[in-house]
Amino acid sequence: MSLPIHPIVIHFPIALAVIALSFDLGRWFWGRTRLIEAGFWGGSTPLLIAAMLGAFVSVASGLIAEASAPKTEVVRQMIESHETAAFIVSGGLAFLAFWRIALRGMFPKKGAYLYLGALLLVTVVLVYGAFLGGQMVYGHGVGVQLAP
(Lines give C-alpha, C1' and ligand atoms only; values in the text may rest on other atoms or scores of the structure.)
Protein backbone atom coordinates (compact mmCIF):
# COMPACT_ATOMS: atom_id res chain seq x y z
CA MET A 1 0.00 0.00 0.00
CA SER A 2 1.33 3.43 -0.95
CA LEU A 3 1.16 6.52 1.20
CA PRO A 4 -2.06 8.47 0.44
CA ILE A 5 -0.66 11.92 -0.38
CA HIS A 6 -3.91 13.61 -1.48
CA PRO A 7 -5.63 13.65 1.94
CA ILE A 8 -2.42 15.01 3.47
CA VAL A 9 -1.77 17.92 1.08
CA ILE A 10 -5.32 19.04 0.27
CA HIS A 11 -5.88 20.81 3.59
CA PHE A 12 -3.12 23.36 2.98
CA PRO A 13 -4.56 25.12 -0.09
CA ILE A 14 -8.02 25.11 1.50
CA ALA A 15 -6.77 26.84 4.66
CA LEU A 16 -4.46 29.23 2.81
CA ALA A 17 -7.14 30.35 0.34
CA VAL A 18 -9.70 30.94 3.09
CA ILE A 19 -7.15 32.92 5.13
CA ALA A 20 -6.14 34.99 2.06
CA LEU A 21 -9.82 35.79 1.43
CA SER A 22 -10.31 36.74 5.09
CA PHE A 23 -7.24 39.00 5.07
CA ASP A 24 -8.17 40.70 1.81
CA LEU A 25 -11.82 41.21 2.77
CA GLY A 26 -10.74 42.67 6.10
CA ARG A 27 -8.14 44.81 4.40
CA TRP A 28 -10.74 46.19 1.97
CA PHE A 29 -13.59 46.46 4.49
CA TRP A 30 -11.65 48.50 7.03
CA GLY A 31 -9.91 50.41 4.25
CA ARG A 32 -6.93 51.34 6.29
CA THR A 33 -4.20 52.65 4.02
CA ARG A 34 -1.53 50.80 5.96
CA LEU A 35 -3.31 47.48 5.44
CA ILE A 36 -4.13 48.06 1.78
CA GLU A 37 -0.62 49.23 0.95
CA ALA A 38 1.14 46.38 2.75
CA GLY A 39 4.02 45.20 0.61
CA PHE A 40 4.63 41.83 -0.93
CA TRP A 41 5.47 39.99 2.29
CA GLY A 42 3.03 41.96 4.43
CA GLY A 43 -0.01 41.16 2.33
CA SER A 44 -1.82 38.01 1.30
CA THR A 45 0.29 37.46 -1.83
CA PRO A 46 2.49 34.79 -0.20
CA LEU A 47 -0.69 33.02 0.98
CA LEU A 48 -2.09 33.01 -2.56
CA ILE A 49 1.18 31.71 -4.00
CA ALA A 50 1.36 28.94 -1.39
CA ALA A 51 -2.33 28.08 -1.95
CA MET A 52 -1.73 27.91 -5.71
CA LEU A 53 1.28 25.61 -5.33
CA GLY A 54 -0.61 23.46 -2.83
CA ALA A 55 -3.56 23.26 -5.22
CA PHE A 56 -1.29 22.07 -8.04
CA VAL A 57 0.17 19.35 -5.81
CA SER A 58 -3.33 18.42 -4.61
CA VAL A 59 -4.65 18.11 -8.17
CA ALA A 60 -1.71 15.94 -9.19
CA SER A 61 -2.05 13.70 -6.14
CA GLY A 62 -5.83 13.52 -6.64
CA LEU A 63 -5.41 12.38 -10.24
CA ILE A 64 -3.07 9.64 -9.03
CA ALA A 65 -5.48 8.65 -6.22
CA GLU A 66 -8.36 8.43 -8.69
CA ALA A 67 -6.96 5.18 -10.07
CA SER A 68 -7.75 3.36 -6.82
CA ALA A 69 -11.27 4.78 -6.39
CA PRO A 70 -14.27 2.46 -6.71
CA LYS A 71 -15.91 2.73 -10.11
CA THR A 72 -19.60 3.03 -9.20
CA GLU A 73 -21.59 5.54 -11.26
CA VAL A 74 -22.28 7.80 -8.27
CA VAL A 75 -18.61 7.94 -7.28
CA ARG A 76 -17.53 8.50 -10.89
CA GLN A 77 -19.87 11.50 -11.18
CA MET A 78 -18.66 12.88 -7.86
CA ILE A 79 -15.04 12.50 -8.95
CA GLU A 80 -15.75 14.36 -12.19
CA SER A 81 -17.40 17.25 -10.30
CA HIS A 82 -14.59 17.23 -7.72
CA GLU A 83 -11.97 17.37 -10.51
CA THR A 84 -13.78 20.18 -12.29
CA ALA A 85 -13.87 22.20 -9.08
CA ALA A 86 -10.16 21.48 -8.50
CA PHE A 87 -9.20 22.66 -11.99
CA ILE A 88 -11.27 25.85 -11.59
CA VAL A 89 -9.70 26.54 -8.20
CA SER A 90 -6.15 25.88 -9.43
CA GLY A 91 -6.60 28.17 -12.42
CA GLY A 92 -8.32 30.83 -10.32
CA LEU A 93 -5.61 30.79 -7.67
CA ALA A 94 -2.93 31.01 -10.37
CA PHE A 95 -4.70 33.99 -11.96
CA LEU A 96 -5.09 35.77 -8.61
CA ALA A 97 -1.54 35.02 -7.46
CA PHE A 98 -0.04 36.32 -10.70
CA TRP A 99 -2.29 39.39 -10.54
CA ARG A 100 -0.88 40.15 -7.09
CA ILE A 101 2.68 39.42 -8.24
CA ALA A 102 2.18 41.84 -11.16
CA LEU A 103 1.13 44.48 -8.61
CA ARG A 104 4.26 43.68 -6.54
CA GLY A 105 2.09 42.18 -3.83
CA MET A 106 -0.10 45.22 -3.38
CA PHE A 107 -3.86 44.97 -2.97
CA PRO A 108 -5.43 46.07 -6.29
CA LYS A 109 -6.80 49.61 -5.98
CA LYS A 110 -8.29 49.50 -9.47
CA GLY A 111 -10.48 46.46 -9.88
CA ALA A 112 -10.74 45.75 -6.15
CA TYR A 113 -14.33 44.53 -6.57
CA LEU A 114 -13.32 42.26 -9.45
CA TYR A 115 -10.38 40.89 -7.47
CA LEU A 116 -12.40 40.27 -4.31
CA GLY A 117 -15.28 38.78 -6.31
CA ALA A 118 -12.90 36.40 -8.10
CA LEU A 119 -11.24 35.40 -4.82
CA LEU A 120 -14.65 34.84 -3.21
CA LEU A 121 -15.80 32.76 -6.19
CA VAL A 122 -12.61 30.66 -6.13
CA THR A 123 -13.05 30.09 -2.40
CA VAL A 124 -16.71 29.08 -2.80
CA VAL A 125 -15.78 26.58 -5.53
CA LEU A 126 -12.95 25.34 -3.29
CA VAL A 127 -15.36 24.73 -0.41
CA TYR A 128 -17.77 22.95 -2.78
CA GLY A 129 -14.95 20.71 -4.04
CA ALA A 130 -13.92 19.96 -0.46
CA PHE A 131 -17.53 19.09 0.36
CA LEU A 132 -17.61 16.63 -2.54
CA GLY A 133 -14.31 15.12 -1.38
CA GLY A 134 -15.73 14.65 2.10
CA GLN A 135 -18.88 13.06 0.69
CA MET A 136 -16.76 10.61 -1.31
CA VAL A 137 -14.71 9.61 1.71
CA TYR A 138 -17.34 9.59 4.44
CA GLY A 139 -20.39 8.73 2.36
CA HIS A 140 -18.93 6.24 -0.12
CA GLY A 141 -15.70 5.05 1.49
CA VAL A 142 -13.43 6.28 -1.30
CA GLY A 143 -9.81 6.01 -0.19
CA VAL A 144 -10.73 4.11 2.98
CA GLN A 145 -9.18 0.72 3.55
CA LEU A 146 -11.35 -1.61 5.57
CA ALA A 147 -9.75 -3.40 8.48
CA PRO A 148 -9.18 -7.13 7.93
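Of the residues 56, 40, which is modelled with pLDDT under 90 and touching a helix residue (DSSP H, G or I) at 6+ places or on another chain (Cβ under 8 Å)?
Matching residue, one of 56, 40: 40.
For region 119-140, indicate whether the set of residues that are surrounded by 12 or more Cβ atoms within 10 Å (Cβ to Cβ) and part of a loop (DSSP other than H, G, I, E, B) is non-empty.
Within region 119-140, none of the residues are surrounded by 12 or more Cβ atoms within 10 Å (Cβ to Cβ) and part of a loop (DSSP other than H, G, I, E, B).
State whether one or more residues within region 110-133 are β-branched (Val, Ile, Thr), at pLDDT 95 or above and more than 12 Å from the chain's Cα centre (by Cα). Step through it out loud before you land on a result.
The first filter runs over region 110-133 and keeps only residues β-branched (Val, Ile, Thr), leaving 122-125, 127.
Within this subset, residues satisfying the condition of being at pLDDT 95 or above are 122-125, 127.
Filter once more, so that each one left must be more than 12 Å from the chain's Cα centre (by Cα): none.
No, there is no match, as no residue in region 110-133 is β-branched (Val, Ile, Thr), at pLDDT 95 or above and more than 12 Å from the chain's Cα centre (by Cα).
Yes/no per residue for (1) crowded, with 16+ Cβ neighbours inside 10 Å; (2) of a type outside the set (A, V, I, L, M, F, W, C):
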| position | (1), (2) |
| --- | --- |
| 67 | no, no |
| 84 | no, yes |
| 100 | yes, yes |
| 103 | yes, no |
| 111 | no, yes |
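Of all residues in region 44-73, how many are farther than 15 Å from residue 137 by Cα and outside any helix (DSSP H, G or I)?
Number satisfying all stated conditions: 1.
Do you know which of the residues in region 106-146 that are without any contact (Cβ under 8 Å) to a residue 24 or more places away in the chain and among the small types (Gly, Ala, Ser) is farthest from residue 26 (Cα to Cα)?
Among residues in region 106-146 that are without any contact (Cβ under 8 Å) to a residue 24 or more places away in the chain and among the small types (Gly, Ala, Ser), the one farthest from residue 26 (Cα to Cα) is 139.
Collect the residues in region 46-86 that are closer than 16 Å to residue 12 by Cα and of a type outside the set (A, V, I, L, M), keeping them in residue-number order.
46, 54, 56, 58, 61, 62, listed by residue number.
The values are calculated or read from the model by the stated rules, or taken from the named source; none is laboratory data. Nothing here was measured: the structure is a model prediction, and the numbers come from that model. So basically every Cβ, Gly included, is an ideal-geometry build from the backbone, and we count neighbours across all protein chains shown.
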